[in-house]
Amino acid sequence: MADNWFRVGEVTRDISLCVNQLPTAILGHSDAGPNWLVSDGSAGHFRIDPALADGTLAVFDASGRPVLQRTARGPIDLNGLSDGIHVVTLRSADGGLRYTRLALVR
C-alpha cells in the first residue's frame, strides 16, 4: 500500500491558498454573474436583485450541507453562519439556478 503514494504538492512555511474550484454538492452553471447577490453595505447583510426575488435562496457550507433555506424576498442576514466559504444558490420561479461562492470573514 505504501508504494501507491504519490506527490501532490509541497507544504512550505510561507503558504498561501488559492481556491479556483471548490468541491461541493452543488452542480450546474450560473447563467448570471454574482451581481444578483448584493451587499447592502453592512457586514453579513445582503439582498437579491428584485427581478429575481420570487425565488428560493439556499446557502451551503463548504462540505455541501445546507445551512440556510428561505425565500429570496427581503434582506438576507448571514451573520449567524460560521466563517468560511459558502455557496449561495437561487432557484427562480421559472426553474433557473444561479449560484455564487461567498467567503464570510469577520
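The values are calculated or read from the model by the stated rules, or taken from the named source; none is laboratory data. Note that the structure is predicted; figures quoted are calculated from it, not measured. Quick reminder, even Gly has a Cβ in these numbers, built from the backbone with ideal geometry, and neighbours come from all protein chains shown.
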Problem set entry | Qualifying residue in the stretch 42-49 (condition: surrounded by fewer than 15 Cβ atoms within 10 Å (Cβ to Cβ), assigned to a loop (DSSP other than H, G, I, E, B) and touching a Leu at 6+ places or on another chain (Cβ under 6 Å)) | yes
Exercise. Can you find even one residue in the stretch 71-81 that is in contact with a helix residue (DSSP H, G or I) (Cβ under 9 Å, 6 or more places away or on another chain) and either of a type in the set (A, V, I, L, M, F, W, C) or modelled with pLDDT under 50 (or both)?
Worked result: yes
Seminar exercise, completed: Residue pairs qualifying under the 7 Å Cβ cut-off, at least six apart or on distinct chains, with the first in the stretch 27-47 being at pLDDT 55 or above and the second being of a type in the set (F, W, Y) and surrounded by 14 or more Cβ atoms within 10 Å (Cβ to Cβ), are L37/F46; V38/F46; S39/F46; D40/F46
Problem set entry | Residue that is nearest to N35 (Cα to Cα), among those in the stretch 67-95 that are of a type in the set (D, E) and loosely packed, with under 12 Cβ neighbours inside 10 Å | D94
For this session: Assess whether S16 counts as being surrounded by fewer than 12 Cβ atoms within 10 Å (Cβ to Cβ), at pLDDT below 80 and among the hydroxyl-bearing types (S, T, Y).
Result: yes
Seminar exercise, completed: When the stretch 79-106 is checked residue by residue, the ones that are of a type outside the set (D, E, K, R), touching an Asp or Glu at 6+ places or on another chain (Cβ under 7 Å), closer than 18 Å to D40 by Cα and not in a strand (DSSP E or B) are V105
Exercise. So is V11 surrounded by fewer than 11 Cβ atoms within 10 Å (Cβ to Cβ) and at pLDDT below 80 or not?
Worked result: yes
Exercise. Among the residues of the stretch 91-99, is any among the small types (G, A, S) and free of Cβ contacts under 8 Å to residues at least 24 places away in the same chain?
Worked result: yes
For this session: Any chance you could count how many residues in the stretch 50-78 are in contact (Cβ under 8 Å) with a residue 24 or more places away in the chain, assigned to a loop (DSSP other than H, G, I, E, B) and of a type in the set (A, V, I, L, M)?
Result: 3
